[in-house]
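Working notes, structure below.
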Amino acid sequence: MARYKLNKFHFHLADNGGWRIRIDAYPLLTRLGAFRTESDWLEWWSYGDRHYVPEDTPGAYGGYYTKEEIRRIVAYAAERFIEVIPEIEFPGHSDEVFAAYPELCCSGRAYTSGEFCVGNPLSLKFMDEVLTEVLELFPSKYIHIGGDECPTVMWEKCPHCKARMKAEGLRRPRQLQNYATARVEKFLNARGRRLIGWDEILEGDDTPTATIMSWRGAKG
């Protein structure tokens with residue numbers, strides 16, 4: 001990267017394929033959500049059982065970075081003038097989280113959806129606490145929270161999400177995503193950081209300080 005003067009390293013640490021960073025407040029993320037039965041993600045996701053397995057399962061594929069390994073990566077990159085930008089998915093693409101903490105999804109059961117229950121205060125507390133540990137490891141100006149491919153089907157049926165919509169004066173379930181994104185944006189701004197999201201976050205109300213990465217074209 002340094003040879004080609006690439007100075008931003010987007011480090012995607014959490015997604016449906018597994019949780020890849022140790023979080024002290026939530027140790028089950030790596031104990032139960034970092035390993036799966038297939039090494040080939042497409043094979044596992046399209047034709048496999050899409051289930052995660054405990055860390056010590058014989059033959060399991062996966063792994064995660066310890067905090068010391070993260071610090072070494074960030075320092076190594078910094079010596080080469082490269083800023084490491086972490087991505088932690090929210091509020092979608094989070095099946096691996098619910099394998100460990102099913103109470104954070106709308107149904108309360110693992111393998112039923114990939115979206116956080118935005119109406120559950122524990123979901124918002126989870127993101128605050130995870131990001132607090134992430135910020136301690138990454139001095140980068142930017143923090144990526146994903147935001148792509150987040151269906152609202154479960155939110156439309158969930159009593160907690162409906163109550164959140166009513167309390168916040170939200171008219172459409174899609175606005176729950178913007179509510180969650182805006183909340184994280186304020187959390188990061190208060191700590192001198194900036195939010196990055198995929199272009200789906202443009203579908204809600206404006207997030208005034210967010211940077212957009214677009215995978216569906218440059219129109220947005």
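The values are calculated or read from the model by the stated rules, or taken from the named source; none is laboratory data. Keep in mind that this is a model prediction, so the values were computed, not measured. So basically every Cβ, Gly included, is an ideal-geometry build from the backbone, and we count neighbours across all protein chains shown. Note: areas computed on protein heavy atoms with side chains; ligands, DNA, RNA excluded. Shrake-Rupley method; radii C 1.70, N 1.55, O 1.52, S 1.80 Å.
Tabulated data for the structure shown
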read-out	value
Evaluation of residue 197 against (1) within 30 Å of residue 49 (Cα to Cα); (2) assigned to a helix (DSSP H, G or I) (one fails), failing number	(2)
Every residue from the range 165-212 that is farther than 30 Å from residue 136 by Cα and charged (D, E, K, R)	166, 168, 171, 172, 174, 203
Only listed residue being of a type in the set (Lys, Arg), open to solvent by 20 Å² or more (accessible area, probe 1.4 Å) and farther than 25 Å from residue 213 by Cβ, chosen from 80, 71	71
Residue match in the range 39-48 (condition: open to solvent by less than 20 Å² (accessible area, probe 1.4 Å) and touching a Pro at 6+ places or on another chain (Cβ under 9 Å))	no
Leading residue by the ranking (farthest from residue 152 (Cα to Cα)) among those in the range 211-220 that are touching a residue at least 24 places away in the same chain (Cβ under 8 Å) and either among the aliphatic types (A, V, I, L, M) or open to solvent by less than 80 Å² (accessible area, probe 1.4 Å) (or both)	211
Number of positions in the range 1-23 that are of a type outside the set (Ser, Thr, Tyr) and either exposed (fewer than 12 other Cβ atoms within 10 Å of the Cβ) or under 17 Å from residue 95 (Cβ atoms) (or both)	15
Selection count where residues are under 13 Å from the mean Cα position of the chain (by Cα) and over 18 Å from residue 123 (Cβ atoms), scope the range 11-29	7
Candidate set: the range 109-133, residues that are open to solvent by less than 40 Å² (accessible area, probe 1.4 Å) and among the aromatic types (Phe, Trp, Tyr); chosen: the one farthest from residue 174 (Cα to Cα)	126
Residue tally, condition farther than 21 Å from residue 9 by Cβ and exposed (fewer than 15 other Cβ atoms within 10 Å of the Cβ), over the range 192-210	5
Which listed residue, of 71, 50, is at pLDDT below 95 and in contact with a helix residue (DSSP H, G or I) (Cβ under 9 Å, 6 or more places away or on another chain)	50
Selection within the range 182-200 - in contact (Cβ under 8 Å) with a residue 40 or more places away in the chain, under 21 Å from residue 126 (Cβ atoms) and touching a strand residue (DSSP E or B) at 6+ places or on another chain (Cβ under 7 Å)	184, 188, 193, 195, 196, 197, 198
Qualifying residue in the range 168-190 (condition: in a helix (DSSP H, G or I) and over 18 Å from residue 116 (Cβ atoms))	yes
When residues of the range 56-68 are limited to those that are over 21 Å from residue 134 (Cβ atoms) and of a type outside the set (Ser, Thr, Tyr), the one most open to solvent (accessible area, probe 1.4 Å)	56
Residues (farther than 21 Å from residue 148 by Cβ and crowded, with 18+ Cβ neighbours inside 10 Å) located in the range 83-108	100, 101
All helices (runs of 4 or more DSSP H) inside the range 1-117 with 1 or more residues being aliphatic (A, V, I, L, M) and under 30 Å from residue 163 (Cα atoms)	28-33, 95-100
Qualifying position, being among the aliphatic types (A, V, I, L, M) and either closer than 22 Å to residue 194 by Cβ or at pLDDT below 95 (or both), among 14, 34	14
